[in-house]
Amino acid sequence: MSEPTANDKNIAVLTHLGGMLFSVLPGLIVWLMNKDDNPFIGEQAREALNFQITVLIAYMAAYVLVFLLVGLLLLPLIWLANLLLCIVAAVKVSKGENFRYPVALRLIN
């Protein structure tokens, strides 16, 4: 695999950071457009997509648990984890390194 270009790195950074605001949409769009053409962008978009799907599932579970008051604690923790991990991912891919989220369901292969 060749070294990712500056444009590749920028797209990967925006894909990871975009997940904080737009959930699964940036990862899905970038992955569908680049999965076959660019290995670096395709892999990072798939990773961002898998993580945002995991976050979405965690939010749904936390909303159900709000009735038991446990969800009230989980919702800000999920938000904070999403924020921090997306920033860490963006920093890593901006350096051209591959990043894998430590907690993510690998639903999209």
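The values are calculated or read from the model by the stated rules, or taken from the named source; none is laboratory data. It should be emphasised that the depicted structure is a prediction, and the values quoted were computed from it without experimental measurement. Glycine also receives a Cβ, built like all others from the backbone with ideal geometry; neighbour counts cover every protein chain displayed. For the accessible areas, the whole protein counts, side chains as well, though only heavy atoms, and no ligand, DNA or RNA atoms are used. Shrake-Rupley method; radii C 1.70, N 1.55, O 1.52, S 1.80 Å.
Using the Cβ atoms and a cut-off under 15 Å, what net charge is assigned to the surroundings of VAL13, where Lys and Arg are +1 and Asp and Glu are -1?
-1
Kindly report the accessible area of region 46-105 per residue (heavy atoms of protein chains, probe 1.4 Å, no ligands, DNA or RNA), in Å².
Spelled out: the 1.4 Å probe surface of region 46-105, per residue, equals 59 Å².
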Q: Take the solvent-accessible surface of the protein heavy atoms, probe 1.4 Å, and return the percent of it on the chain that carbon and sulfur atoms account for.
A: 71
**Q.** Once the Cα gyration tensor of the chain is diagonalised, semi-axes √(5λ) in Å
**A.** 28, 13, 10
Q) Which aspartates and glutamates, on any chain, are close to LYS9 with Cα under 13 Å apart, when same-chain ones fewer than 8 places away are left out? A) GLU43, GLU97
Q: Can you tell me how much longer the chain between LEU84 and ARG100 gets when fully stretched, taken as 0.36 nm per residue apart minus their C-alpha distance, in nm with one decimal?
A: 4.4 nm
Q. Each residue of region 51-63 in order: what ³J(HN,Hα) in whole Hz does its phi give by Karplus 6.51 cos²θ - 1.76 cosθ + 1.60, θ = phi - 60°, with x for Gly and Pro?
A. 5, 5, 5, 4, 5, 4, 5, 5, 4, 4, 5, 5, 5
Q | In order through region 89-95: 3J(HN,Hα) via Karplus (6.51 cos²θ - 1.76 cosθ + 1.60), integer Hz, x for Gly, Pro | A | 4, 4, 5, 4, 6, 5, 8
Q. Where in region 32-109 are there GluC sites (Glu not before Pro) that are in a DSSP coil and have at most 16 other Cβ atoms within 10 angstrom of their Cβ?
A. GLU97
